[in-house]
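Single-structure report; data block below.
Every read-out reported here was derived from the displayed coordinates using simple, explicitly stated rules and does not represent laboratory data. Not measured: the values here are computed from a predicted model. With ideal geometry, Cβ positions are generated from the backbone for all residues, glycine too; neighbour counts draw on all protein chains shown.
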Amino acid sequence: MRRSVAFGYRPRAGGRCVAAALGVALAAGSAAPAAAAADPPRDPVAAGRGGAISTVDPTATAVGLRVLREGGNAVDAAVAAAAALGVTEPFSAGIGGGGFLLYYDARTGRIQTIDGRETAPAAVDEKLFLDAAGRPLTFAEARISGRSVGVPGTPRVWQDALRRWGTRSLAQALAPAADVAERGFAVDETFRSHIAQNATEFAQFSATRDLYLPGGAAPAVGSVQRNPDLARTYRLLGAAGTDALYRGPVGADIVATVAHPPLAADRPPWPYPIRPGALTAADLAGYRLHHPGPTYARYRDLDVYGMAPPSSGGVAVGEALNILERTRFKRLPRVQAVHRYLEASALAFADRNRYVGGATPKATAKALLRDDFAASRACLVDPARALAKPVAPGVLGGTAATCPRAPRGGSPLEGGESTTHLTVADRWGNVVAYTLTIEETGGNAMVVPGRGFLLNNELTDFTFAPSQGAAPDPNLPGPGKRPRSSMSPTVVLRDGRPFLALGTPGGSTIITTVLHVLLNRVELGMTLPAALAAPRATQRNTAEVEAEAEFLALPEVAGLTALGHRFRERPEIGAATAIEFGPRAAMQAVAEPRRRGGGAAAVVRTR
Ligand code: GLU
């Protein structure tokens with residue numbers, strides 16, 4: 001494993017673009033050919049002190065690390081790194097989207113949240129994604145439209161986080177990312193492949209095609225990508241505040257893009273009409289952040305904090321942990337340990353689908369996290385046989401004694417493969433776990449002309465049609481409503497001090513990945529790097545467990561199959577980032593080593 005010194009930013013020979021973007025002094029005239037532009041280090045593990053950061057992208061990590069080195073705190077670094085991700089990972093997140101931020105304040109010991117989830121326009125109703133005959137649209141038809149766009153929350157999250165807890169202005173926090181956008185960065189394989197998988201979608205819209213399909217195709221790996229429009233947008237937000245978007249010219253351009261999707265004259269065939277949406281200037285002006293208390297679950301000697309509704313992440317991870325707490329992992333063979341994980345996931349998903357949506361009352365979320373509710377679910381787990389899926393949701397207010405076996409329930413799986421998570425800690429011990437997204441990789445495929453960012457398709461996280469049989473569906477579209485999310489930024493304390501912070505992309509697999517990493521680390525004896533790297537399987541209350549090829553090659557799969565679990569291969573699940581805190585202010589930053597091309601971890605001072 002490469003270590004320590006690798007985690008400072010070191011310009012490499014020919015590293016013109018990113019080096020310049022980060023303000024590193026360069027010899028005059030060092031105009032290296034585009035193909036020679038090099039990334040900052042892409043190391044999956046870094047250990048040391050004085051601050052730590054882990055993101056999916058080396059440039060974003062280098063930007064955040066520099067903020068920490070120059071005396072900024074975790075919030076300053078998180079916003080600067082997130083803004084950089086909006087440049088170098090624009091298909092996963094950016095100012096056209098939303099997200100959830102968890103903040104641990106070392107001074108008070110409190111954990112607070114920002115809910116910057118995208119919000120449905122006032123004109124939306126339950127029929128948002130139904131056609132004229134009342135049938136649900138296909139996902140692609142719903143996504144590539146103005147209808148899928150929710151009011152973005154990310155710009156407000158950045159401004160609010162800096163105002164509450166940061167030490168930098170928005171202009172200062174956005175400046176490094178604006179520089180990267182203006183001067184350019186080297187295209188890597190992840191960037192190229194995200195465009196290639198969206199080539200037909202991006203070619204529908206003139207601004208998207210011009211920015212991301214130079215010469216009609218995805219740019220080559222190693223070529224230099226610039227986004228001067230986004231640099232200008234960031235500078236405008238820095239100078240004028242986020243009202244430039246919510247009440248100003250950037251917002252006007254968003255509204256125009258949604259109302260009149262900017263179709264390219266010579267666009268390739270697309271099988272569906274590209275519908276406009278109903279988002280208005282008043283919807284933008286009316287956008288509000290929420291600050292719900294975090295979800296809380298006690299797991300053995302750990303206090304696990306997560307994101308409350310409209311995310312289902314905190315509730316589902318917490319409920320699954322409460323179910324699993326009844327298992328003595330140390331005594332179990334591996335097959336049984338994984339069996340319990342899969343069953344707890346399925347049960348938690350049944351309840352999340354039935355009870356959690358954008359308007360879920362606090363009391364419901366709390367009830368789902370009660371130990372007696374977990375008991376009423378845990379008693380269904382049979383060591384000798386996998387439950388038939390989908391399992392039915394539990395009865396809130398039920399007890400372990402009744403161990404109800406209700407009829408089977410449905411289980412919609414909204415959420416794509418996009419999104420990004422970053423984890424940051426500073427020298428004072430403050431911690432940020434921040435997951436942000438534009439929903440599908442590439443969002444709704446519309447770059448706002450002249451502004452350089454993609455719009456979200458977050459409203460496709462609503463269920464398109466009722467999914468819970470006779471029971472109400474908590475996640476149907478509605479005016480001003482936030483779609484249910486699975487994003488699960490998580491902070492774990494032990495004895496009142498940070499022990500772990502983590503999160504991941506991956507749509508509804510986010511929940512199972514966070515749970516899986518926690519169990520690997522806490523119960524199955526893995527180090528944090530091993531816990532993140534380990535092969536994954538995800539059971540979200542479906543007939544088949546989806547699993548990576550490496551998981552399917554594990555010896556325990558035969559035993560799990562004998563218990564009745566059925567498996568289906570699925571490519572890469574998640575791309576987590578995390579920090580573990582040790583004694584005497586030691587920090588280990590860990591990024592995904594392989595999936596999505598691997599992330600980048602760094603610490604301020606290596607040991
Ligand atoms: N939109 C999803 C959610 O909020 C995340 C999308 C993804 O991770 O691909 O849960």
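Please compute the modelled spin-label separation between R267 and F567, points set 7 Å along Cα→Cβ, answer in nm with one decimal.
The modelled label-to-label distance comes out at 4.2 nm.
What full-extension length gain, to one decimal in nm, is calculated for D372 and T606 as 0.36 nm per residue of separation minus the Cα-Cα distance?
79.7 nm
Give the relative contact order (percent, whole number) for the stretch 446-587; include only Cα pairs under 8 Å separated by 6+ residues.
Contact order relative to length: 19 percent.
Sorted from largest to smallest, which semi-axis lengths in Å does the alpha carbon gyration tensor of the stretch 161-275 give for its equivalent ellipsoid, taking the root of 5 times each eigenvalue? Numbers along the way, then the final one.
Working: eigenvalues 166, 86, 24 Å².
After diagonalising the Cα gyration tensor, the semi-axes are 29, 21, 11 Å.
What whole-number distance in Å separates the alpha-carbon centres of the stretch 552-577 and the stretch 307-367?
Using only Cα atoms to place each centre, the spacing works out to 19 Å.
If you find the alpha carbon centre of the stretch 190-265 and of the stretch 448-515, how far apart are they in angstrom?
24
If one puts a single equal scatterer on every Cα of the stretch 505-545 and applies the Debye formula without solvent, what log₁₀ I(q)/I(0) results at q = 0.15, 0.16, 0.32, 0.34 Å⁻¹?
Each listed q maps to, in turn, -0.35, -0.40, -1.08, -1.14.
Would you please name the chymotrypsin sites (Phe, Trp or Tyr not before Pro) within the stretch 522-607 that are DSSP coil residues with at most 11 other C-beta atoms within 10 Å of their C-beta?
Counting only loop positions with at most 11 other Cβ atoms within 10 Å, none of the chymotrypsin sites (Phe, Trp or Tyr not before Pro) in the stretch 522-607 qualifies.
Using the scaling law 2.2 N^0.38 Å as the reference, what is the normalised Cα Rg of the stretch 257-330?
1.96
Just grab the label-to-label distance for R300 and A217, each label 7 Å out from Cα along the Cβ direction, in nm (one decimal).
It is 5.2 nm.
Can you tell me the order of 75-87, 357-369 when each peptide is scored by its average per-residue count of other Cβ atoms within 10 angstrom, highest first?
Numbers: 75-87: 30.5, 357-369: 18.2.
Ranking the peptides 75-87, 357-369 by packing returns 75-87, 357-369.
Pulled fully out, how much extra length does the chain show between R107 and A558, if you take 0.36 nm times their separation in residues and subtract their Cα-Cα distance?
157.4 nm
Find the percent of Cα-Cα distances in the chain that exceed 31 Å, and round it to a whole number.
So the portion of pairs separated by more than 31 Å is 46 percent.
Do any trypsin sites (Lys or Arg not before Pro) in the stretch 491-542 lie in a loop, going by DSSP, with at most 12 other beta-carbon atoms within 10 Å of their beta carbon, and if so which?
none
What trypsin sites (Lys or Arg not before Pro) in the stretch 76-144 are in a loop by DSSP, with at most 10 other Cβ atoms within 10 Å of the Cβ?
The qualifying sites are R107.
Just to check I understand the Karplus step: with θ = phi - 60° and J = 6.51 cos²θ - 1.76 cosθ + 1.60, what whole-Hz values come out for the stretch 77-86, glycine and proline as x?
Using θ = phi - 60°, the values come out as 5, 5, 5, 4, 5, 5, 5, 5, 4, x Hz.
Please compute the modelled spin-label separation between A549 and L396, points set 7 Å along Cα→Cβ, answer in nm with one decimal.
Label at L396, label at A549, 4.4 nm between them.
Would you list, by chain and number, the lysines whose Cα falls below 29 Å from the Cα of K481, excluding same-chain residues fewer than 8 positions away?
Hits, sequence-local ones excluded: K127, K362, K366.
How big is the equivalent ellipsoid of the stretch 490-594 along its three axes, where each semi-axis is √(5λ) from the Cα gyration tensor, reported in whole Å from largest to smallest?
So the three semi-axes of the stretch 490-594 are 27, 13, 12 Å.
For a Förster distance of 35 Å, can you work out the FRET efficiency between the beta-carbons of D131 and D495, rounded to the nearest 0.05?
0.05
Using Cα centres only, tell me the gap between the stretch 85-119 and the stretch 519-534 in whole Å.
25
Just to verify a number: FRET efficiency for A140 and R288, C-beta to C-beta distance, R0 = 35 Å, to 0.05?
0.65
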